[in-house]
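Have a look at the structure below, then the notes.
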Amino acid sequence: MRTTLVLFLFVFHSFCCSAQYKSYKGDGADDILQYVPYASALTMKIAGVDGASSWKRFVVNGGLSFVVSSGITYALKHSIHETRPDGTDNRAFPSGHSSIAFSGATVLHKEYGKVSPLISIAGYGVATFTAIDRIVRHRHEWHDVVAGAGIGILSTELCFWLGDKLTGERSRFIVAPTQNGVSMLFMF
């Protein structure tokens, strides 16, 4: 119930934010899908699924990842001025949707990828679909979404490293060899 409420509030907030812009043209599913990996990681944390981080590390690393990825993307958009394929504006490079989606997918992977590889596959699958949808809708060229994906992934890796330095915490997962193969242990 609580998870459903959180997801509903997230989706409602996204619609309200996008409706306030006069030039908003209703791109489509990609406007919501870009946030799904972040929302999934947060929902799993709220639901109590054991992840790689404490709440403190999760909030610092996830928040830094979002801010740095968005900041780099929008700084480049406002300095490069590449025209979109549909001609609507000159803020095509790099793709912000791809940057946010891949940043969230990397957070999801780093937090819950060791719980199940399917979680990582789903997160990166949604991010990839978002990037492809941006190309199909003629909002970006392929190089825009590849650059956005790279910014999202690399900024998240950097922020997890930096966040661990700031919080003094590290992943609670250890993958260790055992007599019967490989084992995953939780550190507390």
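Taken together, the values in this text are just the output of simple stated rules run on the coordinates, not laboratory data. Only a predicted model underlies this, so the values are computations on that prediction, with no experimental measurement involved. So basically every Cβ, Gly included, is an ideal-geometry build from the backbone, and we count neighbours across all protein chains shown.
Worth pointing out:
- Stretching the chain fully between H138 and W55 yields a gain of 26.0 nm (0.36 nm per residue, less the alpha carbon separation).
- Each peptide in 100-110, 148-158, 81-91, 131-141 gets a packing score, the mean of other Cβ atoms within 10 Å over its residues, and the list from highest to lowest is 100-110, 148-158, 131-141, 81-91.
- Links that overshoot a 26 Å alpha carbon limit, given the list K77/K165; K56/K77; K45/K114; K56/K110: K77/K165; K56/K77
- Computed with the Debye formula from one identical point scatterer per Cα of the stretch 21-172, without solvent, the log10 of I(q)/I(0) at q = 0.15, 0.16, 0.19 Å⁻¹ comes to -0.73, -0.81, -1.06.
- Note on L118 and W161: their simple-model spin labels are 3.3 nm apart, each label 7 Å out from Cα toward Cβ.
- Based on alpha-carbon atoms, the Kirkwood radius and the radius of gyration of the stretch 85-149 give Rg/Rh equal to 1.08.
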